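Engineer: Sharing a structure here in structure tokens format.
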Amino acid sequence: MCLIDRFSDAQIDSHLREKFSIGVRDMPYAGDIRLERIIGFHYSAIGQSHFGSIIDIVLGSFRFCINAHCAQDSNRLRTAGIILRLIKPLFFCSEHSGKVLELSLNFSPKVINSDRYRGEYQCLKDFLTEKGIEANQEITNIRMY
């Protein structure tokens, strides 16, 4: 789904009609590209962007939690634990293992060659697991795909 937030442009209807019937035109090395993976779109006016606002709040809250972990601020870590418990139901989990699928949470890059950075990623993964959000993705320096 493509959600376009707060437009008041009089030409938006014709622009979107072209993008979703023809695609993106005159791309370097590719010409026209159809937007085949977008199955629907919606745009809103000022005062109607409730879904986008909710996503902003959830992503900002998740970012707060990661920043609290990185800074090791005890006051913010306490709040981060509460926030992570609240947003945990929003993650897609495996029915078998209960772990959060990469569709919902993934660490990038997937192959981390630096011991230092791999340790930092693992530390973050452990923090999230401790708070109830156990990622299915392994933190590794070995290509798994």
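Engineer: Taking just the alpha carbons, could you work out the radius of gyration and Dmax for the stretch 49-90, both in angstroms?
Structural biologist: Calculated on Cα positions, Rg and Dmax stand at 11.0, 34 Å.
Engineer: Taking the Cβ of GLY119 as the centre, find all other residues whose Cβ is under 13 Å away and add up their charges (Lys, Arg: +1; Asp, Glu: -1).
Structural biologist: On the way: positive: ARG116, ARG118, LYS125; negative: ASP115, GLU120, ASP126.
Taking every other residue near GLY119 into account, the sum is 0.
Engineer: While we're looking at this one, here's another question. Using only the alpha-carbon atoms of the stretch 1-96, report the extent along each of the three principal axes, biggest first, to the nearest angstrom.
Structural biologist: The principal-axis extents, from largest down, are 51, 36, 30 Å.
Engineer: Would you mind classifying the stretch 74-123 by shape? Square roots of the alpha carbon gyration tensor eigenvalues, ordered a ≥ b ≥ c; an a/c under 1.5 is rounded, otherwise it is prolate if a/b is larger than b/c and oblate if not. Before the final figure, lay out the partial values.
Structural biologist: Details: a/c = 2.81, a/b = 1.15, b/c = 2.44.
In terms of gyration-tensor shape, oblate.
Engineer: Still on this structure: Pick from GLU102, GLU18, GLU130: which residue has the top mean-square fluctuation in a GNM of the chain where Cα pairs under 10 Å get a spring?
Structural biologist: Most flexible of the set in this elastic network: GLU18.
Engineer: May I ask for the net charge around CYS2, where only other residues with Cβ less than 12 Å from the Cβ of CYS2 are counted and Lys, Arg are +1 while Asp, Glu are -1? The partial results should precede the final answer.
Structural biologist: On the way: positive: LYS19, ARG37; negative: ASP5.
Around CYS2, the charge tally is +1.
Engineer: Let me have the 222 nm mean residue ellipticity of the chain computed from DSSP H runs of 4+ only, each contributing -39500 (n - 2.57), with the sum over all residues rounded to the nearest 500. Working shown, then result.
Structural biologist: Details: 4 runs with 62 residues, N = 145.
It comes out at -14000 deg cm²/dmol, rounded to the nearest 500.
Engineer: Shifting gears a bit: Have a look at the DSSP beta bridges in the chain and tell me what percent are antiparallel, nearest 5.
Structural biologist: 40 percent
Engineer: Mind telling me which of GLY81, GLY132, GLY40 comes out most flexible in a GNM of the chain, alpha-carbon contacts under 10 Å?
Structural biologist: GLY40
Engineer: Stretched out fully, how many nm does the piece from PHE41 to GLU18 gain, at 0.36 nm a residue minus the Cα gap?
Structural biologist: The PHE41-GLU18 span can extend by a further 7.0 nm.
Engineer: Grab the eigenvalues of the alpha-carbon gyration tensor for the stretch 91-145, scale each by 5, take roots, and send me the semi-axes largest first in whole angstrom.
Structural biologist: On the way: eigenvalues 79, 35, 12 Å².
After scaling each eigenvalue by five and taking roots: 20, 13, 8 Å.
Engineer: Here's another thing I want to ask about it. What is the sum of charges around LEU84, taking Lys and Arg as +1, Asp and Glu as -1, for the other residues whose C-beta is under 14 Å from the C-beta of LEU84? Write down the numbers at each step before the final one.
Structural biologist: Numbers: positive: ARG63, ARG76, ARG78, ARG85, LYS88, LYS125, LYS131; negative: ASP126, GLU130, GLU134.
Neighbour charge sum, excluding LEU84 itself: +4.
A short reminder: the numbers here are calculations on the coordinates, not readings from a lab. Here the structure is a predicted model, which means the values were calculated and not measured. A quick note on method: Cβ atoms are made from the backbone with ideal geometry, for glycine too, and the neighbour counts reach across all protein chains shown.
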